[in-house]
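Below: one structure, written as structure tokens.
Nothing in this text is a laboratory measurement; each read-out follows from the coordinates by a stated rule. Because the structure is a prediction, the values reported are computed rather than measured. Cβ: placed from backbone, ideal geometry, glycine included. Neighbour counts: every protein chain shown.
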Amino acid sequence: MNAPSTPSSAHIIDGKAFALKLRENIAAKVPEFITASGRKPGLAVILVGDDPASKVYVGSKGKATIAAGMNSFEYLLPADVPQEDLIALVKTLNDDDAVDGILVQLPLPDGLNEQEVIAALDPDKDVDGLHVMNAGRLVSGQKAMVPCTPLGCQILLKDYLGDLSGLNAVVLGRSILVGKPMAQLLLNENCTVTMAHSRTKDLPDVVRAADIVVAAVGRPEMVKADWLKPGAIVIDVGINRLAPVGDAKGRLVGDVDTHNAMAHVKAITPVPGGVGPMTIACLLRNTLLAAHRRNSMDDPEI
Ligand code: GUN
């Protein structure tokens, strides 16, 4: 019997391949920084608790940092670390000249105050772009550290579309890590931006008006094919693991029903292999940028 046919016509935006190229470009710029400054750029990552998915992400970030020729400093703290100790570590890293970027893996375990931890970061080392200074700089059009995932989405969109001016963009989700900075980046690209969320009325109709859809809600395959305008460009930020079937591990799916959407959208990012690899590449980019800015050097062209 034939395998079920895949209704295929959409272009698959290959974030994995793009991220590899970006990482090569970043790695190629590192020696220039070392020659000028006499040291490697350094990224410190703090993981609190032992969430298995976060451990995998942090491991990948560390490997990618070293592969790019940078120093990676990992801090693994127990889930019951006192808030003051976590903040004291952030402050020590703020004062450490070998550290250009600091990332505190989120979410933090219950009982820890994320906002207080983010506020303790030196904004110039905040490679996640979460500090209010960076959020404010982004909104005000100043040089900011931009959160890695939305930055990766913006880079993929510009690579595929070129000019985004005048396009209708709908961002699903309003987190400080993805939805809010994504909307701002699209606005900076002259899109007409709608932010949709769990209380949005007539969500399918709102999404149907979009030339660009960025889905970042963390709900498996929530966005259905008939919500999407024919010819839309879809960026799927979701990474959701479905329940296991028998002995097999559950499949990874995004926030979009990609299989059915393929028939009538123009382009779509796959899950996995779309936005995820771009997040790590952009983290390396932000670390190299932070290193240059802290040394009063011009931003490298990446
Ligand atoms: N958890 C999931 N994605 C991210 C990210 O980009 N940065 C941080 N700090 N935590 C995350």
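Please get the size of the charge dipole for the chain, origin at its Cα centre, with Cβ charges of +1 on Lys and Arg and -1 on Asp and Glu, quoted in debye to the nearest 20.
Approximately 700 debye in magnitude.
Considering only DSSP states other than H, G, I, E and B, which trypsin sites (Lys or Arg not before Pro) in segment 179-223 qualify as loop sites with at most 13 other Cβ atoms within 10 Å?
Those satisfying the criteria are Arg199, Lys201.
Under unit Cβ charges (Lys, Arg +1; Asp, Glu -1), what dipole magnitude, rounded to 20 debye, does segment 137-197 have relative to its Cα centre?
It works out to roughly 260 debye.
Of the options Leu167, Leu177, Ala225, report the single residue whose Cα projects farthest towards the positive end of the charge dipole of segment 165-243 (beta-carbon charges: Lys, Arg +1; Asp, Glu -1).
Positive-end residue among those listed: Leu177.
Could you pull out every whole DSSP H run in the chain that spans at least 30 Å of Cα extent along its own axis and averages -0.5 or higher on the Kyte-Doolittle scale?
What comes out of the filter, once short or polar helices are dropped, is 15-37.
Projected onto the charge dipole of the chain (+1 at Lys/Arg Cβ, -1 at Asp/Glu Cβ, origin at the Cα centre), which of Ile235, Asn94, Leu112 gives the Cα projection farthest towards the positive end?
Ile235
Determine the percent antiparallel among the DSSP beta bridges restricted to the chain, to the nearest 5.
Antiparallel bridges make up about 10 percent of those DSSP assigns within the chain.
Name the long-range amide H neighbours of Asn168: under 5 Å, sequence gap of 5 or more, or other chain; modelled H, no Pro or chain starts.
Thr192, Asp211, Ile212
For segment 246-276, which trypsin sites (Lys or Arg not before Pro) are in a loop by DSSP, counting at most 15 other Cβ atoms within 10 Å?
Answer in residue order: Lys249, Arg251.
Based on Cβ point charges of +1 for Lys and Arg and -1 for Asp and Glu, what charge dipole magnitude is obtained for segment 1-130 about its Cα centre, in debye rounded to the nearest 20?
I would put it at about 900 debye.
Identify, among Pro52, Val256, Leu289, the residue whose Cα sits farthest towards the positive end of the charge dipole of the chain, taking +1 on the Cβ of Lys and Arg and -1 on the Cβ of Asp and Glu, with the dipole about the Cα centre.
About the Cα centre, the residue reaching furthest to the positive side is Val256.
Computed FRET efficiency, Cβ-Cβ of Asn295 and Asp205, R0 41 Å: what is it to the nearest 0.05?
0.25
Starting from the amide H of Ala196, placed 1.01 Å from N in the peptide plane, find each other amide H under 5 Å away whose residue is 5 or more places distant or on another chain.
It is Val171, Leu172, Gly173, by chain and number.
Full extension from Asp124 to Asp85: what is 0.36 nm times the residue separation minus their Cα-Cα distance, to one decimal in nm?
Gain in length upon complete extension: 11.9 nm.
Kindly flag which residue pairs out of Lys61/Lys201; Lys40/Lys91; Lys125/Lys158; Lys125/Lys249 have an alpha-carbon separation exceeding 31 Å in this structure.
Among Lys61/Lys201; Lys40/Lys91; Lys125/Lys158; Lys125/Lys249, the Cα-Cα distance tops 31 Å for Lys61/Lys201; Lys125/Lys249.
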